[in-house]
1. When only residues in the range 93-108 that are aliphatic (A, V, I, L, M) and within 14 Å of MET42 (Cα to Cα) count, which is surrounded by the most Cβ atoms within 10 Å (Cβ to Cβ)?
2. Name the single residue, out of those in the range 74-92 being among the hydroxyl-bearing types (Ser, Thr, Tyr) and more than 12 Å from the chain's Cα centre (by Cα), that is most open to solvent (accessible area, probe 1.4 Å).
3. So, in the range 34-56, how many residues would count as being surrounded by fewer than 21 Cβ atoms within 10 Å (Cβ to Cβ) and part of a loop (DSSP other than H, G, I, E, B)?
4. Output the qualifying pairs, or none if there are none: Cβ atoms under 6 angstrom, residues six or more apart or on different chains, first residue in the range 144-168 and in a helix (DSSP H, G or I), second residue crowded, with 18+ Cβ neighbours inside 10 Å and not hydrophobic (A, V, I, L, M, F, W, C).
5. Can you name the residue in the range 82-100 that is without any contact (Cβ under 8 Å) to a residue 60 or more places away in the chain and of a type in the set (Val, Ile, Thr) and is also nearest to GLN34 (Cα to Cα) among such residues?
6. If I ask for residues that are touching a residue at least 40 places away in the same chain (Cβ under 8 Å), assigned to a loop (DSSP other than H, G, I, E, B) and touching a Pro at 6+ places or on another chain (Cβ under 6 Å), which ones from the range 57-81 would you list?
7. Just to check your reading of the model, which residue among LEU142, LEU181 is of a type in the set (A, V, I, L, M, F, W, C) and under 19 Å from TYR76 (Cβ atoms)?
8. With ILE195, ILE152 as the choices, which residue is over 20 Å from LEU88 (Cβ atoms) and crowded, with 17+ Cβ neighbours inside 10 Å?
Amino acid sequence: MNFVRNNWFRIGLIAFICIAFWALFCGADLSLIQKLLLASLMALPLHQFEEYAMPGGGPVVINKVFWGEKERYRNYPGNWNSIMIVNLSAYVFYIFAIIFPDVIWLGLATMLFNLFQVLGHVFEMNIKGKTWYNPGMASSILLFLPISIVYIYQTAGLATGFTWAIAVAALVVILIVSVILPVQLMKRTDSPYEIPQWQLEQFEKVSGKFHW
């Protein structure tokens, strides 16, 4: 488990490469909507890699800047274990959206989740941290934003007001299940799953370089 906990974001990058090769050789028959959903799934590990590996420091941003914890931010409220669960659980919803591409509200919910990432990284985290870049922002703008906009445009004729209502409700469920519950259920001020020192060092480098 320690190996997975310390490397899940690197494993995700390997998964991205495998999906990319599959899409290249076997994805010709996919519909445009399926391709957009697949692209959204592929953007997820790239986004996480930016947050946790290159440049990294994302978990410190989340605890210290997003949640506002100033003292115990290396293990509270999110810790190295709950962070892993939060990020890996998101894959479930993205994969189901690909498996059931005709369930438009589910696809829309994942796209709204993407846009939620855009709002968080581009505005809230930068405003609170007084920075103009934070780990995860580039992939949010360059990947999540255009993919989501195109998907919403392409499904406009298929989505009714009721579809959108279910999508918003599904987004709330996704946020509760994959973000709020893991953090709240596992938060401990004395959690043994401390965010690694190198993540803190990367956070300091990034926040110092892009501070305003």
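1. We begin by selecting, within the range 93-108, every residue aliphatic (A, V, I, L, M); these are 95, 97-99, 103-104, 106, 108.
Those left that are additionally within 14 Å of MET42 (Cα to Cα): 95, 97-98.
Values: ILE95: 14, ALA97: 28, ILE98: 19.
Across the range 93-108, the extreme among qualifying residues is ALA97.
2. Applying the first criterion (among the hydroxyl-bearing types (Ser, Thr, Tyr)) to the range 74-92 yields 76, 82, 89, 91.
With more than 12 Å from the chain's Cα centre (by Cα) added as a condition, the list becomes 76, 82.
Details: TYR76: 47, SER82: 1 Å².
The qualifying residue most open to solvent (accessible area, probe 1.4 Å) is TYR76.
3. Within the range 34-56, residues that are surrounded by fewer than 21 Cβ atoms within 10 Å (Cβ to Cβ) and part of a loop (DSSP other than H, G, I, E, B) number 3.
4. PHE144/ASN114; PHE144/GLN117; ILE147/SER40; SER148/ASN114
5. Residues of the range 82-100 without any contact (Cβ under 8 Å) to a residue 60 or more places away in the chain: 91, 94-96, 99-100.
Filter once more, so that each one left must be of a type in the set (Val, Ile, Thr): 95, 99.
Values: ILE95: 11, ILE99: 9 Å.
Result: ILE99.
6. Of everything in the range 57-81, just one residue is touching a residue at least 40 places away in the same chain (Cβ under 8 Å), assigned to a loop (DSSP other than H, G, I, E, B) and touching a Pro at 6+ places or on another chain (Cβ under 6 Å), namely GLY57.
7. Values: LEU142 fails: under 19 Å from TYR76 (Cβ atoms).
Matching residue, one of LEU142, LEU181: LEU181.
8. On the way: ILE195 fails: over 20 Å from LEU88 (Cβ atoms).
Selected residue: ILE152, the only one of ILE195, ILE152 that is over 20 Å from LEU88 (Cβ atoms) and crowded, with 17+ Cβ neighbours inside 10 Å.
The values are calculated or read from the model by the stated rules, or taken from the named source; none is laboratory data. Note that the structure is a prediction, hence the values are computed from the model and not measured. Cβ atoms come from the backbone with ideal geometry, glycine included; neighbour counts cover every protein chain shown. For the accessible areas, the whole protein counts, side chains as well, though only heavy atoms, and no ligand, DNA or RNA atoms are used. Shrake-Rupley method; radii C 1.70, N 1.55, O 1.52, S 1.80 Å.
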